[in-house]
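The structure appears below as structure tokens.
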Amino acid sequence: MKNIKNHSFLLLIGMVMISIISCKRSDGDRVPVSTDTAKPGVISNLKVDNYNGGAYITYTLPKSENILYVLAKYQIRNGVSRETKSSYYSDTVTVEGFAKEADYEVTLYTVSRANVSSDPVKVTVHPKIPPYISIKAATSIGADFGGVNVKALNPLKKDIGIIVTAYDKSTNSMEIQDQHYTRSDTINYSVRGFNTDPRNFGVYITDKYGNISDTIKQSISPLFEALLDKSKFSPYNLSSDTPIGYGWALPNLWNGVTDGSAAGWHTEPGHNPPFICTFNVGVSYKLSRFILWERPDYGSDLYAFGHGNPKIFTLWGSNVPQPKDAVLPLSSAVGTVVGDWINIGNFTYPNPPSGLPPQAHNAADNAFVMEGVNFNISLAAPKVHFIRLAVGLTWSGGNIAHAMEISLYGNQQ
């Protein structure tokens with residue numbers, strides 16, 4: 001028994017010593033990957049394949065197992081240098097981020113496992129028009145309710161920023177008003193919060209490499225918009241509307257209570273989407289946007305980004321004096337007409353801003369829900385006197401839908 005104990009003790013001491021030695025090695029001196037400090041050979045048989053904003057450079061590696069990677073050094077614009085690497089297992093290095101369509105010199109090195117660089121090899125690339133420039137050429141700006149509308153095309157789906165500026169009387173200069181980052185192929189959004197006075201606006205495009213396009217400049221008079229008078233709203237019950245449950249009532253959808261402390265609109269359980277409610281806004285409006293308040297967390301009850309809150313939904317409108325009932329489809333394109341009703345917009349509620357899963361949202365995400373989310377309606381949408389909210393999918397995917405409040409904006413003219 002004594003020998004077993006001694007053996008165990010010695011084994012334990014040995015393991016501790018190994019652990020100490022291992023820790024010391026990883027924490028201290030770094031040994032070279034290779035002790036071969038000879039200068040590696042250079043790449044050969046270079047071929048350049050240019051594309052929008054960049055180029056692929058293919059090559060043949062020298063015959064050496066000591067090469068770790070190929071390094072490319074180049075300038076994308078005056079004073080701005082970049083480096084890209086390609087491992088030993090590849091025969092291509094990508095160089096990108098160039099500011100314009102022009103000749104650029106790229107210097108290439110092979111680098112050994114001992115971190116020794118070869119002699120340089122130079123090659124000229126001539127990238128095609130960078131995406132941020134072609135996107136700017138396909139960008140337009142025009143008047144919208146309370147501001148300006150920006151349209152652009154990004155067919156290559158590159159990461160870009162659309163920067164909107166406007167003249168500020170207090171600084172006597174153009175100031176950034178909005179920064180919209182996207183990789184969508186079709187861009188159509190509005191920047192609001194301006195009065196109807198003529199104002200100089202500008203738009204330019206930037207990319208993730210810091211390149212900036214020329215600015216589109218235009219004097220624009222934003223269109224007038226106002227909050228629709230909710231005192232003129234009234235239910236307009238139709239047979240295909242989803243029955244309301246739990247003693248809630250449709251007018252709760254415009255009673256001004258948004259924090260979950262009182263009832264909103266809530267359908268009866270056991271029905272299939274779309275979940276629909278219909279109401280009269282009092283007079284004909286050309287709508288510009290709306291704010292939807294979904295049901296937030298309240299006390300220990302967790303509703304935000306879950307339960308019956310709308311995730312995908314459609315607004316239908318009608319300007320007919322007494323529109324007839326119509327069975328609405330679960331999904332349809334904007335502009336689709338069903339009886340007296342027209343689809344004036346399809347909308348998706350955003351994911352939690354924190355990036356957390358919906359079921360694991362945090363307090364800041366709930367605050368986002370409580371502030372209400374703004375959704376824009378196309379300037380091409382017709383005037384409407386009646387609204388149908390049709391929820392195609394809730395966050396839980398269940399058989400109920402609910403919301404706390406809706407505010408609509410527009411113009412009677």
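Just so you know, all these numbers are worked out from the coordinates, no wet-lab data involved. Only a predicted model underlies this, so the values are computations on that prediction, with no experimental measurement involved. Backbone-built Cβ (ideal geometry, glycine too); neighbour counts: all protein chains shown.
Which Cα, out of Val95, Ser231, Ser64, lies furthest along the positive dipole direction of the chain (beta carbon charges, K/R +1, D/E -1)? Value computed over the given set: Ser64.
Assuming 1.306 mPa s and 10 °C, estimate D for segment 44-125 with Stokes-Einstein, Rh taken as the Kirkwood radius over Cα pairs, in µm²/s.
123 µm²/s
Highest mean packing comes first when the peptides 174-184, 252-262, 280-290 are listed by Cβ atoms within 10 Å, giving 280-290, 252-262, 174-184.
Across segment 99-139, Cα-Cα pairs farther apart than 10 Å form 74% of the total.
Once you have the alpha carbon radius of gyration of segment 200-328, what is it after dividing by 2.2 N^0.38 Å, with N set to its residue count? The reported ratio for this selection is 1.44. By the count of other C-beta atoms within 10 Å, a proxy for reagent exposure, His402, His361, His271 are ordered fewest to most as His271, His361, His402. Our coupling estimate for segment 122-131, obtained by passing each phi through the Karplus curve with A = 6.51, B = -1.76, C = 1.60 and θ = phi - 60°, is 9, 9, 9, 10, 9, x, 6, 3, x, x Hz, Gly and Pro reported as x.
Nearest 500 deg cm²/dmol is fine: what mean residue ellipticity at 222 nm does the chain get from its DSSP H runs of n ≥ 4 alone, each adding -39,500 (n - 2.57), divided by its residue count?
Rounded to the nearest 500, it is -3500 deg cm²/dmol.
Under a 5 Å amide H cut-off, with hydrogens placed 1.01 Å from N, Glu268 pairs with Ile244, Gly245 among residues at least 5 apart or on other chains. Taking other Cβ atoms within 10 Å as a rough exposure proxy, His266, His126, His307 sort from fewest to most as His126, His307, His266.
Counting every Cα pair in segment 226-411, what percent are over 25 Å apart?
Working: 4866 of 17205 pairs.
The share of Cα pairs beyond 25 Å in segment 226-411 comes to 28 percent.
Per residue, how big is the convex hull around the C-alpha atoms of segment 183-272? Give it to me in cubic angstrom, could you?
Working: hull volume 21.2 nm³, N = 90.
Hull volume over Cα atoms, normalised by residue count, gives 236 Å³.
Please quote Rg/Rh for the chain to two decimal places, taking the Kirkwood radius as Rh and restricting both calculations to Cα atoms.
That ratio equals 1.16.
About the centre of its Cα atoms, the chain shows a dipole size close to 1000 debye [charges on the beta carbon of Lys, Arg (+1) and Asp, Glu (-1) only; nearest 20 debye]. The distance linking segment 120-183 with segment 312-368 is 29 Å (Cα centroid to Cα centroid, whole angstrom).
Radius of gyration (Cα atoms) of segment 66-170, expressed as a multiple of 2.2 N^0.38 Å: 1.55.
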